[in-house]
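Chemist: Here's a structure for you.
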Amino acid sequence: MIVCSCNRLTHHDVEAAVDGGATRPKEIYASKGCKAQCGNCTSGIVCLLRQALMQRGNVFDLSAGLAAS
């Protein structure tokens, strides 16, 4: 599913970025060589990021990452 229309990021991109070590929304965008544009996707990306991190046994405080994205 596409989670960011501006950058054409999918849920697979989020999962791949987490597998590559991403723990912050900014790192998800960076893994695809882009930045958040309009910001409408940020909350969805945070949700998918949290889910992926929990599935992998990683727990991080993403509140700082949301502001930094």
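The values are calculated or read from the model by the stated rules, or taken from the named source; none is laboratory data. On a predicted model such as this, the values are computed, not experimentally measured, just so you know. Every residue, glycine among them, receives a Cβ derived from its backbone with ideal geometry; neighbour counts consider all protein chains shown.
Chemist: Out of curiosity, is residue 22 under 24 Å from residue 57 (Cβ atoms), outside any helix (DSSP H, G or I) and of a type outside the set (Asp, Glu)?
Modeler: yes
Chemist: A further question follows. Could you check how many residues of the range 27-43 are in a helix (DSSP H, G or I) and buried (at least 16 other Cβ atoms within 10 Å of the Cβ)?
Modeler: Of the residues in that region, 5 qualify.
Table: residues versus (1) among the hydroxyl-bearing types (Ser, Thr, Tyr); (2) at pLDDT below 90.
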residue	(1), (2)
23	yes, no
36	no, no
48	no, no
59	no, yes
62	no, yes
